[in-house]
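Undergrad: Following this message is one structure expressed as structure tokens.
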Amino acid sequence: RGPKWVKIDTGLGVMPTFVPEEISCGNRYAGWYDGEMPTEVGQTVRTGQYCFVTSASAKCSSPRPAQVKKCQGGFYVYHLLPTANGNYGYCADSDVCDVASEEWGKKEKSTDCDSALIPLL
């Protein structure tokens, strides 16, 4: 199961760009985005990373390369990679999480913002 493009379809519609608390977002190891957000429609930023909080002192464990694209309508899509196991999950807004790794890859999606994207609820 490989990476997929995901639209966060809840709350503010973005992944947190700040370090969440330990054991938050419904997961033991909460994932967040560390990087700049794209500012232009169609722009993809590839310089950030996804981090996971694994302890009070480990705010960016298991960093993974990140891609974020700004789409027409002002929403963002995130190119997410499968997590190591069910203890890891990506946060959406400040306290809602993506499905764990056992749910990963049920449908593959393209990078096109107009494609039907799996919402991150």
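The values are calculated or read from the model by the stated rules, or taken from the named source; none is laboratory data. If you're wondering where the values come from, they're calculated on a predicted model, not measured in any experiment. Here Cβ is always computed from backbone atoms with ideal geometry, including for glycine, and neighbour counts include all displayed protein chains. Please note that ligands, DNA and RNA were not included when accessible areas were found on the heavy atoms of the full protein model with its side chains. Shrake-Rupley method; radii C 1.70, N 1.55, O 1.52, S 1.80 Å.
Undergrad: What do you reckon, how do Ile8, Ile23 stack up by accessible area (1.4 Å probe), largest on top? Can you show the working numbers first?
TA: Details: Ile8 5, Ile23 110 Å².
The ordering from most to least exposed comes out as Ile23, Ile8.
Undergrad: Excluding Ser57 itself, what net charge comes from residues whose Cβ is under 15 Å from its Cβ, given Lys and Arg +1 and Asp and Glu -1?
TA: Overall, the nearby charge balance is -1.
Undergrad: Right, next: How high is the relative contact order of region 1-94, in percent, with contacts defined as C-alpha pairs under 8 Å that are six or more residues apart?
TA: So the answer I get is 37 percent.
Undergrad: Here is a follow-up. Work out the FRET efficiency for Arg46 and Thr17 from their Cβ-Cβ distance, taking R0 = 25 Å, and round it to the nearest 0.05.
TA: After rounding to 0.05, the efficiency reads 0.95.
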